[in-house]
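Participant: A single structure is presented below for examination.
The values are calculated or read from the model by the stated rules, or taken from the named source; none is laboratory data. Note that the structure is a prediction, hence the values are computed from the model and not measured. Cβ atoms come from the backbone with ideal geometry, glycine included; neighbour counts cover every protein chain shown. These area figures cover heavy atoms from the full protein model, side chains too; ligands, DNA and RNA do not enter into them. Shrake-Rupley method; radii C 1.70, N 1.55, O 1.52, S 1.80 Å.
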Protein chains: 2
Amino acid sequence: MYVSYPDSSAGSVVSRPIGLPSEALTLENLFASQPTDKFAAGEGVFWEGDAACDLFQITEGCVRLYRILPDGRRAIMGFRFAGEMLGFSCQTNYSYSAEAVTPVRLRRLRRARIQAMVEGAEHLQPLLLTKIFEEMEAAQRHIIVLGQLGAEERMAHFLVSAVRRTGMDQKRPVAIDLPMTRQDIADYLGLTIETICRVISKFKRDGLIALEGRHRVVLRRMGALQELAGELDALGEPSEAQAGLKQAIAWSH
Amino acid sequence: MYVSYPDSSAGSVVSRPIGLPSEALTLENLFASQPTDKFAAGEGVFWEGDAACDLFQITEGCVRLYRILPDGRRAIMGFRFAGEMLGFSCQTNYSYSAEAVTPVRLRRLRRARIQAMVEGAEHLQPLLLTKIFEEMEAAQRHIIVLGQLGAEERMAHFLVSAVRRTGMDQKRPVAIDLPMTRQDIADYLGLTIETICRVISKFKRDGLIALEGRHRVVLRRMGALQELAGELDALGEPSEAQAGLKQAIAWSH
DNA sequence: GCCCGGTTGTAACGGATCGTAACAGAGATT
DNA sequence: AATCTCTGTTACGATCCGTTACAACCGGGC
């Protein structure tokens, strides 16, 4: 059962379930009441430089975020999977383009709408800050990966990091989907596609991983991979969301 | 002439000049009323993991921000020069250490104090967001430099970027100070000290730069350097502060 | 001035990564 | 099933950058 509130922006309405404490007015709940858009694999969601009017939550599929350099090189800034959000760290205009890697469903929230809601629900502000801080931490980890790690270390970090995001943890025989292409991984890790392939092959030879088709990897020796990755994730990734939230609350109140 | 307000945290007070329009309550003005701390070259200001209670503005000198990896490698996340601020993108705890490169003077603001002030002066919030967005943009540029550019391109970007920060622009014979060591530059650009030296020597041979002692560089052919850097800075660096401010205002109101 | 230590510069070498190209495989189309 | 196309894989030579070693420079202290 839902109730509608008039929205101060553009005459649209905002719905939320009644009977829940106002603490349940989370970003997730806000997104939940939005319709879902569909994108085919390879389709663009928005482009670098577009006015950043919307925030997004991926319902299904995988999205790549990237920038194209003047000379044509592509730098992938990150990936977003089902359940994750994007757009929070952008200013007036998106600082990267977003493209569907797989078929994607997503919900979008107008910024103007969120801004209006913050007026009446102050506890929303820290939730926004949380998201920004999370993206900042991810960017800093990325900087370290690109600046300090070798090819194998980068790949190991990428795999371990992918497992972390799925929630399942530590257990030895974990299988994950890597829906993006090798080229995507290369552009994300600052390497070439051939180096990606070579490293994957080496991991396979050494028994660290096994491949089940192109886009599915079994991580057979998580310990070894984590060691290769340099325990870099241990610095704040698991409790990231909690720490971010805690801080965001401290910030705005 | 100043007036004091009770501060909700720990019995301290907040001062600001009276008689000015409230728009003059900028971060700069807040810092201006703080005493300055002194640090000798090499001295630490704070350490990664410390509770992030303070924001800082450098009054004089240069500070390096870095993280130490488990295996001892050092990743320099950035430098801060006189007039610049730091600490905004950190959560409950600092995500990097800060060390004086040269003798440094800085002013510090307690976070709790700023938070309290935001209550009574809503227009402060967008100023904080601006700073966070600026650091996010810098991080994204850094990611592209480390992931996509070669050694010469990285160095060219570093030099051009340093000129941009001083304010003076485009004019051919520009001389800048690089107070940090070659090792610092190497750890910032993800290269070794020898590669830094090689590239600097090559730039000198090719007439792109001239050296006046170790820590002073004359950029003789800015055009060539900018071209090498891949016009990467053109993507938002000059108007960064304005765009950030504009967005931050939109965000919080 | 002189010494001394740390920083910086130079060179030679080796290894990691890149670029090209040829091939293999999977999925789509006919 | 046959073909086509795109992606992925492997091999090999080229290049870039890291490693090692050592010399030169600079600044501070005596």
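Participant: Can you sort A:PHE81, B:PHE158 by solvent-accessible area, 1.4 Å probe, largest first?
Facilitator: Of A:PHE81, B:PHE158, the descending order of accessible area is A:PHE81, B:PHE158.
Participant: Moving on to the next point. For B:ALA175, what residues show an amide H to amide H distance below 5 Å, using hydrogens built from the backbone and excluding near sequence neighbours?
Facilitator: Residues meeting the amide H criterion: B:LEU219.
Participant: As a test question: what accessible area, to the nearest 10 Å², does A:ARG172 have when a 1.4 Å probe is rolled over all protein chains in place?
Facilitator: My reading of the accessible area for A:ARG172 is about 150 Å².
Participant: Right, something else. For A:ARG107, what is the net charge nearby, where nearby means another residue's Cβ is under 13 Å from its Cβ and Lys, Arg count +1, Asp, Glu -1? Walk me through the intermediate numbers first.
Facilitator: Working: positive: A:LYS38, A:ARG80, A:ARG105, A:ARG108, A:ARG110, A:ARG113; negative: A:GLU28, A:ASP37, A:ASP54, A:GLU60, A:GLU84.
Spelling it out: positives minus negatives among the neighbours equals +1.
Participant: Moving on. Do any residues of the range A:98-135 lose at least 40 Å² of accessible area when the full set of protein chains is present rather than just their chain alone, and if so which, with a 1.4 Å probe?
Facilitator: Buried by 40 Å² or more upon assembly, which counts only protein chains, are A:GLN115, A:GLU119, A:GLN125, A:ILE132, A:PHE133.
Participant: So, taking all protein chains as they sit and a 1.4 Å probe, how much accessible area belongs to B:TRP47, in Å² rounded to tens?
Facilitator: 120 Å²
Participant: Which value, in Å², gives the accessible area per residue of the range A:104-150 when a 1.4 Å probe is used on the protein heavy atoms?
Facilitator: Dividing the accessible area of the range A:104-150 by its residue count gives 29 Å².
Participant: Shifting gears a bit: Just the accessible area for A:CYS197, please: 1.4 Å probe, Å², rounded to the nearest 10?
Facilitator: That residue has around 60 Å² of solvent-accessible surface.
Participant: Here's something else I'd like to know. Determine ³J(HN,Hα), in whole Hz, for all residues of the range B:81-95 in sequence, where each value follows from phi through the Karplus function 6.51 cos²θ - 1.76 cosθ + 1.60 and θ = phi - 60°; x replaces Gly and Pro.
Facilitator: 10, 3, x, 8, 10, 8, x, 5, 8, 8, 8, 4, 10, 4, 9
Participant: Whenever you get a sec, line up A:ASP37, A:ASP71, A:ASP206 from highest to lowest accessible area (probe 1.4 Å, protein heavy atoms).
Facilitator: Details: A:ASP37 50, A:ASP71 95, A:ASP206 75 Å².
The residues order as A:ASP71, A:ASP206, A:ASP37, largest area first.
Participant: If you put a point 7 Å past Cα along the Cβ direction, how far is that point for A:ARG172 from the same point in each other copy, in nm, smallest first?
Facilitator: So the distances to the same position in the other copies read 6.9 nm.
Participant: Mind checking B:188-196 for the average number of partner chain beta-carbons within 10 Å of each residue's beta-carbon? It would help to have the intermediate numbers written out before the result.
Facilitator: Details: counts 2, 1, 7, 1, 0, 0, 0, 0, 0.
Across B:188-196, the average partner-chain Cβ count within 10 Å equals 1.
Participant: Would you give the gap between the C-alpha center of the range A:136-166 and the C-alpha center of the range B:111-142, rounded to a whole Å?
Facilitator: Each part's Cα centre sits 27 Å from the other's.
Participant: Now for a different question. What gaps in nm, shortest first, separate A:ILE193 from its twins in the other copies when you place the label 7 Å past Cα toward the beta carbon?
Facilitator: Label-point separations across copies, in nm and ascending: 4.0.
Participant: What are the principal axis extents of the Cα atoms in the range B:70-211, in Å, biggest first?
Facilitator: Answer, in whole Å and largest first: 58, 42, 32 Å.
Participant: What does the buried accessible surface come to for A and B, summed over both chains, with the probe at 1.4 Å? Round to 100 Å².
Facilitator: Rounded to the nearest hundred, the buried surface is 4700 Å².
Participant: Quick one: ranking A:THR36, A:THR166 by accessible area, 1.4 Å probe, largest first, what do you get?
Facilitator: A:THR166, A:THR36
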